[in-house]
1. Probe of 1.4 angstrom, ligands and nucleic acids ignored: what's the accessible area per residue over the range 40-251, in square angstrom?
2. So what is the 222 nm mean residue ellipticity for the chain from helices alone, if each DSSP H run of at least 4 adds -39500 (n - 2.57) and you divide by all residues, rounding to the nearest 500 deg cm²/dmol?
3. Just to verify a number: what accessible area does Ile248 come out at with the full protein assembly present, 1.4 Å probe, Å² rounded to tens?
4. Taking the range 73-137 on its own, what percent of its Cα-Cα pair distances exceed 20 Å?
5. Long-range amide H contacts for Tyr186: which residues qualify at under 5 Å (H placed 1.01 Å from N, peptide plane, sequence gap of 5 or more or a different chain)?
6. Where does each of Tyr169, Tyr193 land when they are ordered by accessible area, with a 1.4 Å probe and the largest first?
7. From the Cα gyration tensor of the range 113-203, with a ≥ b ≥ c the square roots of its eigenvalues, which class applies: rounded if a/c is under 1.5, or else prolate if a/b is larger than b/c, or else oblate?
8. Using each residue's phi in the range 191-202, evaluate 6.51 cos²θ - 1.76 cosθ + 1.60 at θ = phi - 60° and report the 3J(HN,Hα) Karplus result to the nearest Hz, with x for Gly and Pro.
Amino acid sequence: MYKKLKNLILDPNPLRAIAKKIIQKFGSYEQRIRIGATDYPYYGYCVYNAAILARKLGYKRISVLEFGVAKGDGLKNLEWHAQEISKLLSIDIDIYGFDTGEGLPEPLDYRDLPYHFKGGFYKMDIPKLQAQLRRAKLVLGDIKETSKNFFEKYNPAPIGAIMQDLDFYSSTVVALSMLEAGEKYYLPRVFCYFDDTVGTEVELYNDFTGERLAINEFNQVHGDIKLGLPYHLLARRVVESWHHRIWICHFFKHSRYNEFISMEDR
Ligand SMILES: C[S@@+](CC[C@H](N)C(=O)[O-])C[C@H]1O[C@@H](n2cnc3c(N)ncnc32)[C@H](O)[C@@H]1O
């Protein structure tokens, strides 16, 4: 109680913080998602906006991916967001969660931040999580292996949102290489969340290690697919930490990239 009160008083915008709490409790899903008043607001943001884009382009079904599942808190939350968004926008949403099931592999070198991560962290209780999941499919194994036949094995509906939480540079490089699978598997623009890109004075995430390095290298070597910053979020009057963890993947050569989806009556 004391901690909650202290946080509220120290909030730079306490009135907004109170309004957010009220909306979180009593608002509709759509009101809550618009101001980030949910658990895992970044998951909701990415899936909601992917679904809106998909509807505008006439897709009836999309997929969303979580790379890095651990105990499944994020994946279960993704299921909840997908269920709400499916109802709201009348679109089917398939969910896939990728993980070793055994926790983090051993870090390969300094780029995997061994001063912050250790092999074996975040081990999954597979039977427990399987029993709790309602619609998400678990893709278990090292991403280096599961990435090889994921598309042939599951033939996923076009992917509209990707939650990247593999922690390591080396794992994220592999996950990002899946963006090369071909336009059949993606919306022309994909909403992406990268969990380990802000952090604290311990992690000291930067452009030369971890997920940020994987993003930068991806952009350096790809001309037609780029991970761009969400300036629309970064310019909001109230910018939250997670806004700095969103990237948009643009498939410039996607056959539907140039299709008009904006407002007609201007
Ligand atoms: C921080 S946890 C994920 C937490 C989860 N997203 C959540 O919000 O609840 C990171 C996960 O990435 C997985 N991971 C890291 N490298 C991997 C790899 N090469 N292949 C498969 N999974 C990997 C680990 O097993 C670990 O469970």
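The values are calculated or read from the model by the stated rules, or taken from the named source; none is laboratory data. All values reported here derive from a predicted model rather than from experimental measurement. Quick reminder, even Gly has a Cβ in these numbers, built from the backbone with ideal geometry, and neighbours come from all protein chains shown. The accessibility values were calculated without ligands, DNA or RNA, using every heavy atom of the protein model including side chains. Shrake-Rupley method; radii C 1.70, N 1.55, O 1.52, S 1.80 Å.
1. Per-residue value: 44 Å².
2. -12000 deg cm²/dmol
3. Rounded to the nearest 10, the figure is 20 Å².
4. When every Cα pair of the range 73-137 is considered, 44 percent fall beyond 20 Å.
5. Ile159
6. Values: Tyr169 25, Tyr193 0 Å².
Sorted by accessible area, descending: Tyr169, Tyr193.
7. Oblate is the answer for the range 113-203, as a/c is 1.5 or above yet b/c matches or exceeds a/b.
8. For the range 191-202, the Karplus curve yields 7, 10, 10, 10, 5, 9, 10, 10, x, 10, 5, 7 Hz.
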